Amino acid sequence: MLRQGVAAICLALSATALSAETLAQTLTDAYTNSGLLAQNRAVLRAADEDVALATSRLLPVISWAATAASQAPRQPSADTITAQLSLNADLTLFDGGANRIGREAQKELVLATRESLRDVEQQVLLRAVQAYNSVRSTAEFISLRQNNLRVLQQELQAAQDRFDVGEVTRTDVALAQASVASAQSLLATARGDAEQAAAEFSVAVGRKPGTLVAVSPAPVSRTENEAETLAVRNHPQVLQAQHSVTVRELGIKVAEAAYVPNATLSGRVGVDANTGIVGRSVTLSLGGPIYNGGALPAGVRQAQAQRDQARAGLHLASLSVIQQVSNAYAVLQAARASLQSTDEQVRAARVAFEGIREEATLGARTTLDVLNAEQNLLNARANVITAQEAEVNASYAVLSAVGLLTADHLNLPVQQYDPAAYYNLVKDAPAALSEQGQALDRVLRAIGQ
């Protein structure tokens, strides 16, 4: 239901006039242009290669060697140069499962890295949402300050006219002049804030902002308790920590496998270039530890401590995402309550300002009364802008806290990165000249362009 609601927002935003930029377009560009996502995708591909390296340890290793030697002083019946060429093959027959378990651990690390990439994707999109809203709100603040300056300039002119006919004192004119100067200063500050917001937008999205349309909060239909439950099951930080625990548990098995004897099969074929004699040999090697100064039990204990550390990290990750959900809901509820009160505040402040200004023309109010009423109305309108921005940001922060602020969940019109595509090409450790290896070369060339 929540996913359908978010998708509806994106569709509604896409229907806006072409001259305006929607939040969906901003998020699409942020996803496409993000250097942080590109960096972490490369990290994931490197983790995929660790699986290929672990797989290669289960396969035969074939190598060749060529030697040439000259002996001095040379024996009368000996050749000047002796040369040999050999082909060697080695295969681990048994290692207590260390290599196999190591490969499973690398697979878990790949899954953990995928969740890290998903977490980065959420950070990128949330930053884009916040940058979008910041540009929007600063533009509204500029408009508000400009309108306020025009009103105060009118009040200054009115105070000057009344002073000219003796209805008010020089003090009233000075108060109006001070308010105009203050409004000009605040307008300059608002323009500076807008420039900073635009710079942040450029970094977060990868381009300069256009004319941004208003955006509604993301639908948050779940209660806070439901969101916390979903976050513990779905948030990438929690899932990454779960995979880390599995990696550490497998690490204990790898450390325990060091106690087990190893068996290795080796084969060699060699040719003597001088005699043409071909030599062949097959060797089966068995061995295992007897005493190594306590290194093996220390390795097991260390792996167990690392497992306990990972479990504690999982607990902390769960607490962290629950706190994120709680914080986002608290901000969201505060923003909604603020909006309700500020709407009424704006209505009352407008009525008060119009009434006091009318009374001032009749001499029943002072210039200071008018300026104070105008300031109250300005503050109320500013509070509305702030509360609206906080509500939208908090609603998307809730999506991020439960692990749903992704391109897939938002149905963004982008070519989504498939984290399994590269893994499927490398997981079996293909040879460089194989069809799969050549496909990898094409993929890497495309990525590097």
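Counting only protein heavy atoms and a 1.4 Å probe, the chain has 54 square angstrom of accessible area per residue. Only one residue of LEU27, VAL220, SER341 has its Cα farthest out toward the positive end of the dipole of the chain, where Lys and Arg carry +1 and Asp and Glu -1 on Cβ, and that residue is LEU27. Highest mobility in the GNM of the chain, judged by mean-square fluctuation with C-alpha springs under 10 Å and restricted to ALA421, ALA204, ALA69, is found for ALA69. For the pair the range 239-289 / the range 114-131, the C-alpha centres are spaced 42 Å from each other. When HIS315, HIS235 are compared by accessible area of protein heavy atoms, the largest-first order is HIS315, HIS235, using a 1.4 Å probe.
Compared with the dominant Cα axis of the chain, that is its longest principal axis, helix 170-205 is turned about 20°.
Peptides 139-152, 262-275 ordered by packing proxy, namely the average of other Cβ atoms within 10 Å per residue, highest first: 139-152, 262-275. Residues ARG280, ARG222, ARG445, sorted by accessible area with the largest first, give ARG280, ARG445, ARG222 [1.4 Å probe; ligands and nucleic acids excluded]. For helix 35-56, what angle does its Cα long axis make with the longest principal axis of the chain, in degrees from 0 to 90 and rounded to 10? Roughly 20 degrees between the two axes. Rounded to the nearest 20, the size of the Cβ-charge dipole of the chain about its Cα centre is 1280 debye, with Lys and Arg at +1 and Asp and Glu at -1.
Once C-alpha pairs closer than 8 Å and six or more residues apart are averaged by separation and normalised to the residue number of the range 241-380, the relative contact order reads 22 percent. Largest mean-square fluctuation among VAL260, VAL110, VAL384, in a Gaussian network model of the chain whose springs join Cα atoms under 10 Å apart, belongs to VAL260.
Of the residues VAL232, VAL238, ranked by 1.4 Å probe accessible area with the largest first, the sequence reads VAL232, VAL238.
Expressed to the nearest 5 percent, the antiparallel share of DSSP beta bridges inside the chain is 95 percent.
From the alpha carbon centroid of the range 300-353 to that of the range 405-428 is 28 Å.
Ignoring lysines fewer than eight residues from LYS253 along the same chain, the ones with Cα atoms less than 30 angstrom from its Cα are LYS107, LYS427.
Here the contact order of the chain, divided by its residue count and restricted to Cα pairs under 8 Å and six or more residues apart, works out to 26 percent. Of the labelled options (i) 1.59; (ii) 1.79; (iii) 1.01, which one gives Cα Rg over 2.2 N^0.38 Å as computed for this structure? This structure yields the entry labelled (i). Since only ALA303, HIS409, LEU316 are under comparison, the one whose Cα sits farthest along the positive direction of the charge dipole of the range 278-437, derived from C-beta charges on Lys, Arg, Asp and Glu, is ALA303. Just checking the listed ones, ALA47, ALA24, ALA352: in the Gaussian network model of the chain with Cα springs under 10 Å, the one fluctuating most is ALA352.
The values are calculated or read from the model by the stated rules, or taken from the named source; none is laboratory data. Because the structure is predicted, anything quoted here is derived from the model rather than measured. Heads up, the Cβs are rebuilt from the backbone with ideal geometry, glycines too, and the neighbour counts pull from every protein chain shown. What goes into the accessible areas is simple: the full protein's heavy atoms, side chains included, and nothing from ligands, DNA or RNA. Shrake-Rupley method; radii C 1.70, N 1.55, O 1.52, S 1.80 Å.
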